[in-house]
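Trainee: Just dropping this structure here.
The values are calculated or read from the model by the stated rules, or taken from the named source; none is laboratory data. Just so you know, these numbers come straight off a predicted model, no measurement behind them. All Cβ positions, even for glycine, are placed from backbone atoms using ideal geometry, and neighbour counts span all protein chains on display. Note: accessible area is taken over every heavy atom of the protein model, side chains too, but ligands, DNA and RNA are not part of it. Shrake-Rupley method; radii C 1.70, N 1.55, O 1.52, S 1.80 Å.
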Amino acid sequence: MTSDLKKVELHLHLEGAAPPSFIRGLASEKNVDLLDIFDENGSYKYEDFWDFLKVYEAATSVLQTPEDFGRLTQAVLEESAKSNVVYSEVFLSPDFCGERDVGAWKEYLAAIQEAANQAERSDGIVLRGIITCIRHFGPDLAKETAICAAETAGDWIVGFGIGGDEKVGAPKDFSWSFDCAREAGLRLTAHAGEWGGPESVQAVVDDLGVERVGHGVRAIEDPALVEKLAERGIVLETCPGSNVVLNVYSTWENHPVDRLREAGCIVTVSTDDPPFFHTTMNREYQMLADTFGWDDDAFRALARTSMDAAFCDASTKENLQKVLEAE
Ligand code: ADE
Ligand code: ZN
């Protein structure tokens, strides 16, 4: 049973993982009217990727205090633990946590970490954070986010990245922020090759110097790039269920995750924003097994590869590799 396998997730947006019922609960506590973002079944409702980003941002509007983010972290990790996730890297956005003010951001981070420590004690799941700026908010706000990242870089905040609308601006506009994060010791990832083509993947590798790419799947359209990614060991944080629901690919059968793996790329699998895409890590695994015939050995190799590609320190990694081996 794929659900019994221990899993490692490297690409999960904390706000994007908020169960709709959790957001509705906060909205009613705070008397905020959010009805427009839910369908008749209570799920998030959106038309396409750009509408998804708007609904996502509307949902975050009820997350207003460090305590809200602590509760969110607890709710998200409870869900991840149900899929047997033993290690997760979560994207955190100071944009939604104190509007990039360093002092406020530290308070939000403390609440998130406290909830993570509690989940580690109760469910054994280990969490680390990647601070992410948002591409369509522009390079100036990204600089403030990078400063928040640099100020809190360490054993727990382990990376820096960028999400949002890949069609807006160019990666090199964000060089200052990525340089700042790198100098603070953070490891780097960037969303690319989801809505942009292979040139977008090439640009984050060349211009931002990232070692992982969020999604990256449209690299498949350029065989020379696929070869280069494989040779250089650039890690792809693929999220197939997200891509299928957002219609980057029309079906699981059309998704290139299996072809990228066959071509020698380092492929990891995550959920991105699970409730938005009606998915879980268990479901991603089940779909990979059903669609491409991945078996338990393939999944065990996937978990080890993902742990290798994690941004946490060596001793955390070693401990978790042991947890995976004990399966
Ligand atoms: N932020 C949350 N989910 C995202 C996605 N799939 N692409 C870009 N930015 C995002
Ligand atoms: Zn993402």
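Trainee: Restricting attention to segment 230-283, report how many residues are away from ligand 1 (no atom under 16 Å from the Cβ) and either part of a strand (DSSP E or B) or at pLDDT below 95 (or both).
Mentor: Selection size over segment 230-283: 3.
Trainee: Working only within segment 85-97, note down all residues that are closer than 25 Å to Thr280 by Cα and open to solvent by 10 Å² or more (accessible area, probe 1.4 Å).
Mentor: Hits for segment 85-97 are Val86, Phe96.
Trainee: Write out, first by first residue and then by second, each pair whose Cβ atoms fall under 7 Å of each other, whose residues are 6+ apart or on separate chains, and whose first residue, in segment 1-23, is without any contact (Cβ under 8 Å) to a residue 60 or more places away in the chain while the second is within 16 Å of ligand 2 (Cβ to nearest atom) and open to solvent by less than 10 Å² (accessible area, probe 1.4 Å).
Mentor: Listed pairs, sorted by first residue: Ile23/Ala59.
Yes/no matrix, rows are residues, columns are (1) assigned to a helix (DSSP H, G or I); (2) crowded, with 17+ Cβ neighbours inside 10 Å; (3) assigned by TED's automatic domain parsing to the domain that holds Ala104:
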{"site": "Leu12", "(1), (2), (3)": "no, yes, yes"}
{"site": "Ser28", "(1), (2), (3)": "yes, no, no"}
{"site": "Glu40", "(1), (2), (3)": "no, no, no"}
{"site": "Glu47", "(1), (2), (3)": "no, no, no"}
{"site": "Asp51", "(1), (2), (3)": "yes, no, no"}
{"site": "Lys54", "(1), (2), (3)": "yes, no, no"}
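Trainee: Restricting segment 267-299 to residues that are touching an Asp or Glu at 6+ places or on another chain (Cβ under 8 Å) and among the small types (Gly, Ala, Ser), which is nearest to Lys7 (Cα to Cα)?
Mentor: Among residues in segment 267-299 that are touching an Asp or Glu at 6+ places or on another chain (Cβ under 8 Å) and among the small types (Gly, Ala, Ser), the one nearest to Lys7 (Cα to Cα) is Ser270.
Trainee: For the structure I just gave you, tell me whether Arg100 is on the phi > 0 side of the Ramachandran plot and crowded, with 19+ Cβ neighbours inside 10 Å.
Mentor: yes
Trainee: Has segment 233-247 got at least one residue that is more than 16 Å from ligand 2 (Cβ to nearest atom), open to solvent by 40 Å² or more (accessible area, probe 1.4 Å) and of a type in the set (Gly, Ala, Ser)? Break it down stepwise before answering.
Mentor: Taking segment 233-247 as the starting set, the residues that turn out to be more than 16 Å from ligand 2 (Cβ to nearest atom) are 233-234.
With the extra rule that they be open to solvent by 40 Å² or more (accessible area, probe 1.4 Å), the set shrinks to none.
Taking every residue of segment 233-247 in turn, none turns out to be more than 16 Å from ligand 2 (Cβ to nearest atom), open to solvent by 40 Å² or more (accessible area, probe 1.4 Å) and of a type in the set (Gly, Ala, Ser).
Trainee: Exactly one condition in (1) in contact with an Asp or Glu (Cβ under 9 Å, 6 or more places away or on another chain); (2) within 27 Å of Leu236 (Cα to Cα); (3) within 16 Å of ligand 1 (Cβ to nearest atom) is false for Asp51; which is it?
Mentor: Exception for Asp51: condition (1).
Trainee: Which condition does Arg128 not pass, out of (1) among the charged types (D, E, K, R); (2) touching a strand residue (DSSP E or B) at 6+ places or on another chain (Cβ under 8 Å); (3) more than 19 Å from Glu237 (Cβ to Cβ); (4) not in a helix (DSSP H, G or I), if it passes all the others?
Mentor: Unmet condition: (3).
Trainee: Quick check on segment 250-264. Is at least one of its residues of a type in the set (Phe, Trp, Tyr), in contact (Cβ under 8 Å) with a residue 12 or more places away in the chain and either surrounded by fewer than 16 Cβ atoms within 10 Å (Cβ to Cβ) or within 15 Å of ligand 2 (Cβ to nearest atom) (or both)? First the steps, then the outcome.
Mentor: As a first pass, look at segment 250-264 and keep what is of a type in the set (Phe, Trp, Tyr): 252.
Imposing the further condition that a residue be in contact (Cβ under 8 Å) with a residue 12 or more places away in the chain reduces the set to 252.
With the extra rule that they be either surrounded by fewer than 16 Cβ atoms within 10 Å (Cβ to Cβ) or within 15 Å of ligand 2 (Cβ to nearest atom) (or both), the set shrinks to none.
No.
Trainee: I've got another one for you. Do you know which residues across segment 191-231 are open to solvent by 10 Å² or more (accessible area, probe 1.4 Å) and on the phi > 0 side of the Ramachandran plot?
Mentor: Gly209
Trainee: If you go through segment 154-170 one residue at a time, do you hit one that is assigned to a helix (DSSP H, G or I) and surrounded by fewer than 23 Cβ atoms within 10 Å (Cβ to Cβ)? Spell out how you get there, then give the answer.
Mentor: Step one: of segment 154-170, the residues assigned to a helix (DSSP H, G or I) are none.
Taking every residue of segment 154-170 in turn, none turns out to be assigned to a helix (DSSP H, G or I) and surrounded by fewer than 23 Cβ atoms within 10 Å (Cβ to Cβ).
Trainee: Here's a follow-up. Please determine whether any residue of segment 177-190 is surrounded by fewer than 23 Cβ atoms within 10 Å (Cβ to Cβ), part of a loop (DSSP other than H, G, I, E, B) and either small (Gly, Ala, Ser) or in contact (Cβ under 8 Å) with a residue 40 or more places away in the chain (or both).
Mentor: There is at least one residue in segment 177-190 that is surrounded by fewer than 23 Cβ atoms within 10 Å (Cβ to Cβ), part of a loop (DSSP other than H, G, I, E, B) and either small (Gly, Ala, Ser) or in contact (Cβ under 8 Å) with a residue 40 or more places away in the chain (or both).
Conditions tested, residue by residue: (1) aliphatic (A, V, I, L, M); (2) over 27 Å from Gly129 (Cβ atoms).
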{"residue": "Trp176", "(1), (2)": "no, no"}
{"residue": "Ser200", "(1), (2)": "no, no"}
{"residue": "Val245", "(1), (2)": "yes, no"}
{"residue": "Tyr249", "(1), (2)": "no, yes"}
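Trainee: Using beta carbons and a limit of 7 Å, which pairs, at least six apart or on different chains, have the first residue in segment 288-311 and farther than 17 Å from Leu10 by Cα and the second one at pLDDT below 95 and not small (Gly, Ala, Ser)?
Mentor: Listed pairs, sorted by first residue: Ala289/Thr2.
Trainee: For a quick check of your reading of the model, give me the residue pairs whose first member lies in segment 82-94 and is modelled with pLDDT under 95, whose second is open to solvent by 10 Å² or more (accessible area, probe 1.4 Å) and of a type in the set (Ser, Thr, Tyr), with beta-carbon atoms closer than 6 Å and at least 6 apart or on different chains.
Mentor: Filtered contacts from segment 82-94: no entries.
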